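Please read the structure below before turning to the comments.
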Amino acid sequence: REIGGRLLAAFPALTVDVHEPKCTVRVDIRENGAALVCGEEVKGAGGMPVGTGGKGLLLISGGIDSPV
């Protein structure tokens, strides 16, 4: 409420529609008091970061007499 009130005070032409917003403002307040404010979301590749995955093994068997 505090941040929304300040945004509306700074930009009086803005209106609020919580059901169908045209824009979402995201605010991340850090422990050191710094605030990151984003008005646009950019999608990344997703998934785990490169180099964090371990090794794996995959065995695929299609034979009728296969014990796997």
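Annotations for the structure displayed:
- Put simply, when 49-60, 27-38 are sorted by average Cβ atoms within 10 angstrom per residue, most first, you get 27-38, 49-60.
- Helix-derived mean residue ellipticity, 222 nm - over the chain, DSSP H n ≥ 4, -39500 (n - 2.57), to 500: -3500 deg cm²/dmol
- Simple Cβ-charge dipole of the chain, Lys/Arg +1 and Asp/Glu -1, about Cα centre, in debye nearest 20: 160 debye
- Karplus 3J(HN,Hα) series, Hz, for the range 24-35 with 6.51 cos²θ - 1.76 cosθ + 1.60 (x for Gly, Pro): 10, 9, 10, 10, 10, 9, 8, 4, 7, x, 6, 10
- Within the chain, the percentage of alpha carbon pairs spaced more than 20 angstrom apart rounds to 61%.
- Calculated from backbone phi, Karplus (6.51, -1.76, 1.60) coupling profile of the range 39-51 in Hz, x at Gly/Pro: x, 9, 9, 10, 6, x, 5, x, x, 6, x, 4, x
Read the figures in this text as sums done on the coordinates, not as results from a lab. The structure presented is a predicted model; accordingly, all values stated were derived computationally and were not measured. Using ideal geometry, Cβ is built from the backbone for each residue, glycine included, and neighbour counts are taken over all protein chains shown.
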